[in-house]
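Here you go, one structure.
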Amino acid sequence: MKIKANREYIGEFQIPGDKSITHRAILFNGMAEGKAEISGALLGEDCLSSLSCMQKLGAKAEISGDTILLEGCKKFRSGQTLDCGNSGTTMRLMMGLLAGKHCAAVLTGDASLSKRPMERVAEPLRKLGAKIDTVEGHAPVSVFESDLTGRELDTAVASAQVKSALILAALGAEGETRIYEKLKTRDHTERLLRAMGADIKVEDNTVIIRKSSLHAVSVEVPGDISSAAYFMVLGALCGETLSKNVGINPTRTGIFTVFDRMGVNYTLENIRESGGEPVADVRVKKSRLKPLRLGAEDMPSLIDEVPVISVLCAFADGESVISGAEELKVKESDRIKTTAEMLCSAGVDVQAKSDGFIIRGGKKVRGGKICSYADHRIAMSGAVLLTASEQGGEIEGAECVNISFPGFFELLSREK
């Protein structure tokens, strides 16, 4: 995919549905009693993997445009092999969902997903009584029928996927389960399950769940802030962008913390609520950027945006340091390595560390050829980098953006 340099980029964008919320709306309604309409859904490959798994278990679904009509199944078909594709969210949440439903299944995935760690979910689920096998910590994952008992759990990894898997299992466990997380992660699971009738409450950093059944609820999915981040950063670097209908859940807005620290000129307009989630239009204008410091305490609210945040740092006047980001190593690619290579390929002075980067910005970024390593966030971050560069360039393996943002390059080219 060839990317033209454009230092005066101006655009207005309707942001596709939030990936995290779409996953959860599909999975939770697929296990609930009744019918639901999921509008504004993100129908990328990852979310379609979640839908396919629920259909194979017995849920019924029809797709019309960006709307899914979904009817949950009362009793899952046990003994299925469920293909999660490239989606870590699908596989990890399915582990907890299956355990809570006392349903046996084998979860498989593509080559990339099969390299990602699954014991971080399996190990705490076993403490509830779940019987789960992994292959040296990876997929395929075998979940067996088992009886669960609630207990107190600490999450060793700051991960909304791990927390969500444990919550789903706890819905089928006898007694009370308490899940404590040291660093608070995104709370889409808690919000939606509460709306569906689950006995769930949050006290500070502890989620408390008791055995519950769910009733289907229709969901209007807000725009994905992780997808909006690419156009927001473009506005800060090149001109002005307006990203419409963006979910601004406070557990997801670490990108705004970055903007505040770096001096980005942005405003939130038309603030409202949609389906229990806060939403706004985000306007960003070209800004003089200050260098950035990010640490482990910042990561839960912005881990997916780190590659595009690193692009912002490349244009800041001075040395930026991103640390505490070891979790990047176990994403669709080793994002510490691939982000550093992306920046280096375009002429940025960057040093990869074991837990992040040192980026010396403020110099001319020439552009060039960037390899995506089949990682959608590297491909989209690379496209932003090349647009803001001196010469532009090309993305190798650009088709991987279909995992989370079908039509990204078409939107990118639709500048005013």
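Given the criteria of a type in the set (Ser, Thr, Tyr) and more than 21 Å from Ser389 (Cα to Cα), does Thr241 qualify?
No; evaluated as a whole, the condition is false for this residue.
Let me ask something else about it. With the condition being touching a Ser or Thr at 6+ places or on another chain (Cβ under 8 Å), of a type in the set (Val, Ile, Thr) and open to solvent by less than 60 Å² (accessible area, probe 1.4 Å), I'd like the helices (runs of 4 or more DSSP H) fully within region 16-103 carrying at least 1 qualifying residues.
19-30, 88-100
With the checklist (1) assigned to a loop (DSSP other than H, G, I, E, B); (2) open to solvent by 30 Å² or more (accessible area, probe 1.4 Å) in hand, flag the one item Arg191 doesn't pass.
(1)
Does Ile255 count as open to solvent by less than 10 Å² (accessible area, probe 1.4 Å), among the aliphatic types (A, V, I, L, M), in a helix (DSSP H, G or I) and free of Cβ contacts under 8 Å to residues at least 60 places away in the same chain?
Yes.
A further question follows. In this structure, is Arg210 open to solvent by 20 Å² or more (accessible area, probe 1.4 Å), more than 30 Å from Ala173 (Cα to Cα) and touching a strand residue (DSSP E or B) at 6+ places or on another chain (Cβ under 6 Å)?
no
Table: residues versus (1) free of Cβ contacts under 8 Å to residues at least 40 places away in the same chain; (2) under 25 Å from Arg120 (Cβ atoms); (3) open to solvent by less than 40 Å² (accessible area, probe 1.4 Å).
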residue: Ser310; (1), (2), (3): no, yes, yes
residue: Ser320; (1), (2), (3): no, no, yes
residue: Arg335; (1), (2), (3): no, yes, yes
residue: Val348; (1), (2), (3): yes, no, yes
residue: Ser354; (1), (2), (3): yes, yes, no
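Further, regarding this structure: Considering each residue of region 397-416, count those that are charged (D, E, K, R) and surrounded by 15 or more Cβ atoms within 10 Å (Cβ to Cβ), and give that number.
Total satisfying the criteria: 1.
So, in region 376-399, how many residues would count as being more than 15 Å from Ala229 (Cβ to Cβ) and in contact (Cβ under 8 Å) with a residue 40 or more places away in the chain?
The total comes to 9.
The values are calculated or read from the model by the stated rules, or taken from the named source; none is laboratory data. Just so it is clear, the structure is predicted and the values come from calculations on it, not from any experiment. All Cβ positions, glycine included, derive from the backbone under ideal geometry; neighbour counts span all protein chains shown. Keep in mind that these areas ignore ligands, DNA and RNA; they rest on the heavy atoms of the full protein, side chains included. Shrake-Rupley method; radii C 1.70, N 1.55, O 1.52, S 1.80 Å.
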